[in-house]
Amino acid sequence: MDNLPENQGLEFRAVAKAFDGNPLFENLDLRIGQGEFFIILGPSGCGKTTLLRLIAGLETVDGGEIFLNGRAIQDTEAGDRGVAMVFQDYALYPHMTVAENLAFGLRNMGVPAAEIAARIGEAARSLSIDAFLDKRPGKLSGGQQQRVALARALVKKPDILLMDEPLSSLDPALRLKTRRELAALGRNLSATVVMVTHDQVEAMTLATRIMIMHDHVIQQIGTPLDIFSRPANLFVAQFVGATPMNLLCGDLAAGKAGKAVFRLREGDIQTRVAMCGLPESTAWRLGLRAEHVALTTPKKPHIPATVDFVERLGEQSWVHVRLADGGELVASEAGVSAHQPGDRVGVSLDGAKAHLFDAAGRAWHPEPG
């Protein structure tokens, strides 16, 4: 975010962290705007939670600096950073009531009793837990406990709210409900929110911006739409999406209006990727989302394929097909697909929506048109 106001939000400057002599991060630079709902997305073990712990002060940096609203906080005690964290397991005190859980940290901070009561009332109303204030956590459902954990963080009025996989232990229905509550919370909260998840649906529906990580390296930072429609590389293209992006191997040639043609054994695919500027590569791959792959009758002059299996999801179906050379594709069909395993079909590829990936995995995107 180049237009981020000076000294606002969170900033990592050349941050380094190692465990047992093994580097986890080296010269990590990152900037998160004040008031953003910023989500760190990636597979297990990529370093997501460690980043949160560095911000919270639960881990120390080995080099570099972390700034929060213009203050260097890397050497500041965790309790003095203006940071609140919601843990994956809620970490509520079981012997205390909900109200006592919410008040505990505020009393330790020396907040006056009247203000404590006002903050608890405000947070309880905003998260619909005011009916549970006299109950202990063991009497609450998982979703209710999650909201209490959020309220306990919010009553501290933090400059930044950290959430580590906050929905992972909830059942699907409750996860959807709590996701809606988090979305409303993000709209109404002045604090910056940084959330870690491996669930891309959570990331795509909640975030103002997403950071994709893999092997402790930032792969891409962007809006949900940017991440989905213009993935930076093969990892992002395969990681984000209800199904991984379809990939086909082939060669390139110059086509109409200076755009690249992707050559398959079954025929050429005209793309909108500019040929000028593409690097020399002998291992090009064409990438298409499932919604840009259409199934036709096998008699039409399209790529012949055989249906492997079908995922019928109600309003949409994913049809998995196998090409003659063993390659696999997934096509999207509206409604409940009538295709069955073994059906012979044709496959039509929308070259205008195709991305190209070079041997290094870098993405080259279609021009608008």
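What follows is calculated from the coordinates using simple rules that are stated; it is not laboratory data. Just so it is clear, the structure is predicted and the values come from calculations on it, not from any experiment. No Cβ is skipped: glycine too gets one built from the backbone with ideal geometry, and neighbour counts run over all protein chains shown.
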Three semi-axes of the equivalent ellipsoid, region 15-121, Cα gyration tensor, whole Å, largest first: 30, 17, 14
query: Quick one: length gained pulling Arg263 to Ala283 fully straight, 0.36 nm per residue minus the C-alpha distance?
result: 6.0 nm
message: Using a Cα-Cα cut-off of under 12 Å, which aspartates and glutamates could be cross-linked to Lys259, ignoring same-chain neighbours fewer than 8 residues away?
response: Glu367
- line: region 312-369: spread of alpha-carbon positions along the three principal axes, whole Å, largest first, is 36, 28, 18
query: For region 109-198, with equal point scatterers placed on the C-alpha atoms only and solvent neglected, what are the log10 I(q)/I(0) values from the Debye formula at q = 0.12 1/Å, to two decimals?
result: -0.37
statement: Beyond 27 Å, the calculated P(r) of the chain holds a percent of Cα-Cα pairs equal to 57
field: GNM flexibility winner over the chain from Ile39, Ile120, Ile303 (Cα, springs under 10 Å)
entry: Ile303
Convex hull of Cα atoms in region 246-364, direction-averaged projection (nm²): 7.5
- request: Beta carbons within 10 angstrom, averaged per residue: use that to sort the peptides 344-354, 63-73, 147-157, highest first.
  value: 147-157, 344-354, 63-73
Potential extension, Ala338-Glu367 segment - 0.36 nm per residue separation minus Cα distance: 7.0 nm
Helix-only mean residue ellipticity at 222 nm for the chain, each DSSP H run of n ≥ 4 adding -39500 (n - 2.57), per residue, nearest 500: -6500 deg cm²/dmol
message: Taking amide H atoms as placed 1.01 Å from N in the peptide plane, list the residues 5 or more away in sequence, or in a different chain, whose amide H sits under 5 Å from that of Leu264.
response: Ile269
message: Which residue fluctuates most in the GNM of the chain (Cα springs below 10 Å): Val61, Val330, Val111?
response: Val111
message: Only four residue types carry charge here, +1 at the Cβ of Lys and Arg and -1 at the Cβ of Asp and Glu. Report the dipole size of region 10-239 about the Cα centre in Debye, rounded to the nearest 20.
response: 800
- prompt: Which of Gly241, Gly143, Gly258 moves the most in a Gaussian network model of the chain with Cα springs under 10 Å?
  reply: Gly258
- request: With both partners inside the chain, how many of the DSSP beta bridges are antiparallel, as a percent to the nearest 5?
  value: 75
task: May I ask which of Lys135/Lys177; Lys177/Lys353; Lys48/Lys177; Lys17/Lys139; Lys139/Lys177 have a Cα-Cα span longer than 29 Å here?
output: Lys177/Lys353; Lys17/Lys139
